[in-house]
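The values are calculated or read from the model by the stated rules, or taken from the named source; none is laboratory data. Just so you know, these numbers come straight off a predicted model, no measurement behind them. Glycine also receives a Cβ, built like all others from the backbone with ideal geometry; neighbour counts cover every protein chain displayed. Accessible surface is based on the protein model in full, side chains and every heavy atom, while ligands, DNA and RNA are left aside. Shrake-Rupley method; radii C 1.70, N 1.55, O 1.52, S 1.80 Å.
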Amino acid sequence: MDILSNLALGLDTALTWSNLLYCLIGVFLGTAIGVLPGLGAVATIAILLPITFGLPPVSALIMLAGIYYGAQYGGSTTAILVNLPGESSSVVTALDGHQMARNGRAGVALATAAIGSFFAGTVSTLLLALFAPPLADLALQFGPVEYFSLMVLGLVASIVLAKGSLLHALAMIALGLLLGMIGTDVNSGAQRYTFGMPELADGIGFVAVAMGIFGLGEVVGNLEDEKSRTVMMKRVTGLMPSREDWKRILGPIFRGTALGSILGILPGGGALLASFASYALEKKVSRRPQEFGKGAIEGVAGPESANNAGAQTSFIPMLTLGIPSNPVMALMIGALIIQGIQPGPAIMTQQPDLFWGIIVSMWVGNVMLLFLNLPLIGLWVRMISVPYHFLFPAILVFCAIGVFSLNNSTFDVYVMAVFGLLGYLFRKVGCEPAPMLLGFILGPMMEEFLRRALLLSHGDAAVFVTRPLSAALLAISALLLAAVVLPAVRNTREVAFQEEG
Amino acid sequence: MSTPIKGQQDFGAGLIYVALGGIAAYIGSGYRMGTGSNMGAGYFPMVLSVLLIALGVACVVRSFLRKGEPIGAVAWKPLILILLATVLFGALLEPLGLSLALVVLMLVSAAASHKFRLEWKAMVGMVVIALACFLVFVQLLGVPLPRNPWFGL
């Protein structure tokens with residue numbers, strides 16, 4: 001059994017004392033920052049990124065993965081206790097989770113979220129181990145033509161899955177691709193959009209952009225309507241779900257895991273759509289749909305499982321193809337590059353210990369979350385109750401240190417300020433910035449693959465449809481786009497997202 | 001107030017797209033275009049700029065046709081203070097060192113909240129955070145951050 005020996009290698013790597021420790025630190029820090037209202041997974045990882053610089057690559061990645069799960073889990077905790085989801089994928093958790101907390105069942109809601117996440121994490125780790133190797137084999141046969149088409153598919157999928165207007169998603173991607181053009185053109189050496197500044201010759205830093213938009217922009221947005229929050233924290237007691245509860249959550253957990261695993265592989269914030277879709281599904285199949293929104297435990301179990309399953313499987317395209325499926329994965333790719341590792345299908349064959357170590361550590365991280373978080377609930381509650389006017393200066397401190405220490409450059413701090421302004425502007429006009437970040441990451445790669453593909457084919461654009469793999473990828477993209485424009489699908493998409501309202 | 005604009009957000013977003021696309025196209029027009037089989041530095045950016053402008057125009061057109069969300073008031077005070085705090089941090093970090101730059105960053109940004117008061121507890125907290133960051137990042141993790149030239153923090 002190949003998989004077994006691979007998993008054994010992963011266990012060897014992940015279960016060393018030092019890696020266990022880094023996983024634990026990651027999970028703990030991730031949860032601690034993630035519970036802070038208004039800080040999602042992207043901001044949390046961006047803030048904590050500098051801590052991993054000094055570590056060996058495997059440990060750094062293990063810690064980052066731990067931060068990611070921790071942040072997600074922390075986001076759900078905040079959603080349940082204060083009705084202030086730290087990130088978009090826990091928005092649906094807040095709907096019923098917070099109602100449960102109001103009904104005095106905060107403990108059960110938190111436990112349900114943890115159990116659902118753990119089950120989903122276990123299943124999707126196995127899926128990752130099963131499907132990643134064949135995908136990487138396939139990816140090794142990819143040429144520039146296939147890579148270009150794959151990225152087109154990725155971007156199209158991110159448009160389809162993005163919430164809000166298609167027009168905006170498309171425009172934000174174009175803008176992101178353009179931002180990716182800043183710097184030296186690798187083919188001709190021409191300086192593009194550098195305004196004569198030598199600091200821009202290498203392009204603008206992804207972390208500075210992400211922190212500006214998700215860090216500063218969010219802080220300003222949150223200060224816009226500063227209101228006092230009430231934490232549902234009087235007593236968080238009665239953690240264990242009752243027998244009746246178990247009966248009600250098993251189905252949603254299974255369905256959520258299946259839904260999340262599939263949607264997570266698709267590029268463009270799969271975890272987000274997964275939690276929305278799971279909520280809509282549970283509401284539809286439930287015998288008590290009228291309870292949804294009033295504290296239905298299914299409304300916590302399903303989306304939380306889907307969310308975590310999606311988060312795990314979104315590692316598949318990142319690890320096998322080197323293509324990020326959401327901004328978090330884009331940050332992971334950034335971290336890999338900082339560690340001197342070129343993401344792509346070669347990772348699995350050249351650094352199997354890294355690859356399998358990360359996969360196994362994800363499961364280990366989930367176990368830790370399960371056993372660590374429920375006892376520590378009191379600590380998280382105290383972190384949540386820190387008033388925002390004390391919190392945001394500290395958030396800025398982490399953003400500033402993080403951005404500066406990446407390249408030791410004050411220029412990056414200014415770049416972050418500029419994107420903070422842009423982030424706030426986008427927020428005001430209702431644009432979702434996530435597609436822009438994807439475009440920004442993919443921009444230089446896409447241009448490079450397009451150029452190479454057309455150079456090899458002597459300018460004949462037909463190669464994109466005559467090579468079978470590429471044609472298939474483009475056909476899927478076209479189908480996806482067509483599907484969104486069709487009224488029927490459009491309506492369900494809107495239904496899936498409207499729950500947030 | 002009755003303007004023909006029904007979707008303020010769409011209108012604003014459209015203007016941003018057109019403006020950014022326009023700038024990119026204007027600057028990009030100076031780069032070599034090349035041909036399909038041998039693309040110059042300007043080829044891909046130009047395609048994207050034109051696409052962005054077109055999408056921006058579409059957004060503006062839609063804002064006259066479809067009802068949308070209002071933009072709402074701009075939170076000038078937080079916006080300016082947060083950005084100012086960040087820029088000040090960048091400017092002061094190298095001459096003054098990490099701890100002092102952090103104190104300035106926190107002080108200026110904290111003023112953005114309407115709950116901001118100059119009280120000694122908050123001041124102590126700020127100094128503690130600045131010193132803790134110095135200890136964790138510079139001493140413990142060895143991140144090379146600038147120190148104050150006079151007292152080394």
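Using the beta-carbon distance between B:Phe151 and A:Gln141 and R0 = 60 Å, what value does 1/(1 + (r/R0)^6) give for FRET efficiency, to the nearest 0.05? Using R0 = 60 Å, I get an efficiency of 0.50.
Under a model in which nothing but the beta-carbon of Lys, Arg (+1) and Asp, Glu (-1) is charged, chain A shows a dipole of about 1400 debye around its Cα centre. Using the Cβ of A:Leu455 as centre and a radius below 13 Å, the other residues enclosed give a net charge of -1, where K and R count +1 and D and E count -1. Largest accessible area first, the residues B:Val103, B:Val128 order themselves as B:Val128, B:Val103 under a 1.4 Å probe with ligands, DNA and RNA left out.
Just so you know, the Rg over Rh for the range A:314-364 is 0.93, from Cα atoms, with Rh as the Kirkwood radius.
With a simple spin-label model that places each label point 7 Å from the Cα along the Cα-to-Cβ direction, the separation between A:Leu239 and A:Asn408 comes to 4.5 nm. Among A:Phe53, A:Phe392, A:Phe142, the sequence by solvent-accessible area, most first, with a 1.4 Å probe is A:Phe53, A:Phe142, A:Phe392. Between the C-alpha center of the range A:130-197 and that of the range A:29-84 there is a gap of 26 Å.
Over all other residues within a Cβ to Cβ distance under 9 Å of A:Gly256, the charged ones net out to -1, with Lys and Arg as +1 and Asp and Glu as -1. Shielding value for A:418-428 is 4, the average number of Cβ atoms from other chains within 10 Å of each residue's Cβ. In this model, which of A:Lys294/B:Lys6; A:Lys294/B:Lys67; A:Lys428/B:Lys77; B:Lys77/B:Lys115 are farther than 23 Å apart at the alpha-carbon? In this structure, A:Lys294/B:Lys6; A:Lys294/B:Lys67 exceed 23 Å between Cα atoms. Along the Cα-to-Cβ line of A:Val186, 7 Å from the Cα, sits a label point; which residues in the range A:137-156 have backbone N less than 13 Å from it? Residues passing the 13 Å test: A:144, A:148. Measuring r between the beta carbons of B:Leu15 and B:Leu118 and using R0 = 51 Å, the FRET efficiency lands at 0.80. Between A:Ala201 and A:Gln342, the FRET efficiency estimated from the beta carbon spacing at R0 = 22 angstrom works out to 0.55. In this Cβ point-charge picture (+1 for Lys and Arg, -1 for Asp and Glu), chain B has a dipole of about 320 debye about its Cα centre. Summed over both chains, the area buried between A and B is near 5200 Å², taken from the accessible surface of protein heavy atoms with a 1.4 Å probe. The distance between label points at A:Glu291 and A:Ser5 comes to 5.0 nm (points 7 Å beyond Cα on the Cα→Cβ vector). Here, the range B:80-130 has an Rg and a Dmax of 10.8, 31 Å when only alpha carbons are counted.
For the range A:91-206, the alpha-carbon coordinates run over 63, 37, 29 Å along the three principal axes, in decreasing order.
Average the reciprocal distances over every distinct pair of alpha-carbons in the protein assembly as shown, invert the result, and give the Kirkwood radius in Å. Radius from the Kirkwood sum: 25.3 Å. Full extension of the chain between A:Arg382 and A:Leu21 yields a length gain of 127.5 nm, computed as 0.36 nm times the residue separation minus the alpha carbon distance. Here each label is just a point 7 Å from Cα along the line to Cβ, and for A:His458 and A:Lys247 those points are 7.3 nm apart. Close amide H pairs (under 5 Å, H built 1.01 Å from N) link A:Arg192 with A:Gly183, A:Thr184, A:Asp185, residues at least 5 positions away or on another chain. The listed residues B:Val138, A:Val123 rank as A:Val123, B:Val138 when sorted by accessible area, largest first, using a 1.4 Å probe.
Helix-only arithmetic for chain B: the sum of -39500 (n - 2.57) across DSSP H runs with n ≥ 4, divided by the residue total, places the mean residue ellipticity at 222 nm at -20500 deg cm²/dmol. If one puts a single equal scatterer on every Cα of the range B:1-83 and applies the Debye formula without solvent, what log₁₀ I(q)/I(0) results at q = 0.11 Å⁻¹? Computed log10 I(q)/I(0) values: -0.45.
Across chain B, the convex hull enclosing all Cα atoms gives 205 Å³ per residue. The distance separating the Cα centre of the range A:419-467 from that of the range B:55-81 comes to 25 Å. When shorter helices are ignored and each DSSP H run of at least 4 residues is given -39500 (n - 2.57), the per-residue value for chain A at 222 nm works out to -24000 deg cm²/dmol.
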